[in-house]
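Trainee: My questions will all concern the structure given below.
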Amino acid sequence: NGCTHNTYKITVIPGDGIGKEVMEAALHVLNASGIEFDYTFADAGDEYAEKTGVALPQETIDAVKKSQACLFGAVGESAADVIVKLRKELDLYVNLRPVHSYGKAGKFGDVDFVIVRENTEGLYSGHEEYTDEGATALRITTRSATRRICDFAFDYAKKTGRSKVTAVHKANVLKKTDGIFKEVFYQTAEKYDDIESNDFYVDATAMYLVTRPQDFDVIVTSNLFGDILSDEGAGIVGGLGLLPSANIGDKNGVFEPVHGSAPDIAGKGIANPSAMILSTVLMLEYLGEPDEARKVEKALVETIDEGKIVTSDLGGSSSTMEMAEEVARKLSKL
Ligand code: ATP
Ligand code: MG
């Protein structure tokens, strides 16, 4: 379109196993986009921990802080140490999980919604203790954290051309914590009069997601409910190799496939690169490059729909890099 883009500073953490393979594939695709990136490669994960005794070195945290976004492949057993620590250090309060059926529509038809999960409080606030009778966990809802997650959800809807945001809660039972969640949600909704808003109870939502998933566009919810509904969403569209995610804060975004390092297929060059490529689509949206994001997504979807140059989990026989090369070829023509 003739306008000049910025050069974005990106930290790349390939990690372990197929993390490294799908990262190489996704970077190959990004190189065919119209955007310039300045990559800093950084260490984290099992392999690095074996050599040094540390799974997530301070240099990596500093690199992510200094860059505009981070692409994260996958790490093995150190996942909890690495990604949980990154979320804390960088205050990545949003967990974003698109639920999109690619390729031939699955059992649930064409599905396309996004779950925006609050990632810092709720029932996962970290306040859990034993009592004489058993144990107690504290469920925290602050107005400020609720406001920022609801703002994010409406902003994201606006930026990505979505038209509705649904709050999911259990305010009939959790009258105070989710009462506040619902109240702040509708206060936020007033600022976005071009975006529709509604709300459902979480139990009803668990059913609606499989009976009428097409009714959802953007879902915003608290930590535990988001955790559970995200995995339900993954089940609805199937295939770990297709699911991206984002961890976003006010200053940083970390974009990663939902799958792990998959030691069973690592080193064979057969991992499906789609989840990592779709993670770069989320990164492009985050960087304010929605047109380029749509192009990368389109090139990938065409490749999957044709079904010729795809990996074995998608019914093909191509390698990770062959599939990425096909996506890059299509992208360079868009
Ligand atoms: P980790 O401990 O790193 O999470 P894991 O053994 O749990 O490793 P996952 O990466 O979570 O492995 O994957 C679970 C299963 O899905 C494995 O059988 C793996 O081969 C398969 N799988 C995961 N990602 C992909 C992918 N990108 N392409 C093809 N198959 C995949
Ligand atoms: Mg796993």
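Trainee: List pairs: first in the range 251-264 and within 10 Å of ligand 2 (Cβ to nearest atom), second charged (D, E, K, R) and modelled with pLDDT of 95 or more, Cβ under 7 Å, 6+ apart or cross-chain?
Mentor: Close Cβ pairs satisfying both conditions: SER261/ASP16.
Trainee: Within the range 27-65, count every residue that is assigned to a helix (DSSP H, G or I) and out of contact with any Ser or Thr (no Cβ under 8 Å at 6 or more places or on another chain).
Mentor: Selection size over the range 27-65: 13.
Trainee: Just need a number here: residues in the range 147-167 that are part of a helix (DSSP H, G or I) and under 11 Å from ASP194 (Cβ atoms). Don't jump to the end; show me each part of the working.
Mentor: Going residue by residue through the range 147-167, those that are part of a helix (DSSP H, G or I) are 147-159.
Narrowing the set further to residues that are under 11 Å from ASP194 (Cβ atoms) leaves 154, 157-158.
So the answer is 3.
Trainee: Another question, if that's okay. Of ASP215, ASP227, ASP231, which residue is under 15 Å from ASP110 (Cα atoms), not assigned by TED's automatic domain parsing to the domain that holds VAL12 and not β-branched (Val, Ile, Thr)? Before the answer, list the steps.
Mentor: Details: ASP227 fails: under 15 Å from ASP110 (Cα atoms); ASP231 fails: under 15 Å from ASP110 (Cα atoms).
Answer to the check: ASP215.
Trainee: Condition (residue is closer than 30 Å to GLY161 by Cα and assigned to a helix (DSSP H, G or I)) applied to the range 72-83: is it met by at least one residue?
Mentor: yes
Trainee: Checking ALA275 against (1) surrounded by 22 or more Cβ atoms within 10 Å (Cβ to Cβ); (2) away from ligand 2 (no atom under 16 Å from the Cβ): exactly one of these is not met. Which one?
Mentor: (2)
Trainee: What number of residues within the range 261-305 satisfy the criterion of being of a type in the set (Gly, Ala, Ser), within 14 Å of PRO244 (Cβ to Cβ) and in contact with a strand residue (DSSP E or B) (Cβ under 9 Å, 6 or more places away or on another chain)?
Mentor: Residues meeting the conditions: 3.
Trainee: If you don't mind, there's one more thing I want to ask. For ALA55, are the conditions met, namely being free of Cβ contacts under 8 Å to residues at least 12 places away in the same chain, within 16 Å of ligand 1 (Cβ to nearest atom) and either within 30 Å of ASP313 (Cα to Cα) or assigned by TED's automatic domain parsing to the domain that holds MET23 (or both)?
Mentor: On the way: free of Cβ contacts under 8 Å to residues at least 12 places away in the same chain: no; within 16 Å of ligand 1 (Cβ to nearest atom): yes; either within 30 Å of ASP313 (Cα to Cα) or assigned by TED's automatic domain parsing to the domain that holds MET23 (or both): yes.
Against the criterion (free of Cβ contacts under 8 Å to residues at least 12 places away in the same chain, within 16 Å of ligand 1 (Cβ to nearest atom) and either within 30 Å of ASP313 (Cα to Cα) or assigned by TED's automatic domain parsing to the domain that holds MET23 (or both)), ALA55 does not qualify.
Trainee: Taking the range 268-301, which residues are away from ligand 1 (no atom under 11 Å from the Cβ) and among the basic types (Lys, Arg)?
Mentor: ARG294, LYS295, LYS298
Trainee: Looking at this structure, is ILE236 surrounded by fewer than 22 Cβ atoms within 10 Å (Cβ to Cβ), touching a residue at least 24 places away in the same chain (Cβ under 8 Å) and not assigned by TED's automatic domain parsing to the domain that holds VAL64? Full working, then the answer.
Mentor: Details: surrounded by fewer than 22 Cβ atoms within 10 Å (Cβ to Cβ): yes; touching a residue at least 24 places away in the same chain (Cβ under 8 Å): yes; not assigned by TED's automatic domain parsing to the domain that holds VAL64: yes.
It is true that ILE236 is surrounded by fewer than 22 Cβ atoms within 10 Å (Cβ to Cβ), touching a residue at least 24 places away in the same chain (Cβ under 8 Å) and not assigned by TED's automatic domain parsing to the domain that holds VAL64.
Trainee: For the subset of the range 135-146 comprising residues that are exposed (fewer than 15 other Cβ atoms within 10 Å of the Cβ) and in a helix (DSSP H, G or I), which member is nearest to the chain's Cα centre (by Cα)?
Mentor: Among them, the one singled out is SER144.
Trainee: Does VAL29 satisfy the condition of being modelled with pLDDT under 95 and among the β-branched types (Val, Ile, Thr)? Outline the logic, then answer.
Mentor: Details: modelled with pLDDT under 95: no; among the β-branched types (Val, Ile, Thr): yes.
Judged against the criteria, VAL29 is not a match.
Trainee: GLY19 - would you say it is within 16 Å of ligand 1 (Cβ to nearest atom) and either part of a helix (DSSP H, G or I) or not assigned by TED's automatic domain parsing to the domain that holds ARG329 (or both)?
Mentor: Details: within 16 Å of ligand 1 (Cβ to nearest atom): yes; either part of a helix (DSSP H, G or I) or not assigned by TED's automatic domain parsing to the domain that holds ARG329 (or both): yes.
Answer is yes for this residue.
The values are calculated or read from the model by the stated rules, or taken from the named source; none is laboratory data. Please read all numbers here as calculations on a predicted model, not as lab measurements. Note: ideal-geometry Cβ built from the backbone for every residue, glycine included; neighbour counts use all protein chains shown.
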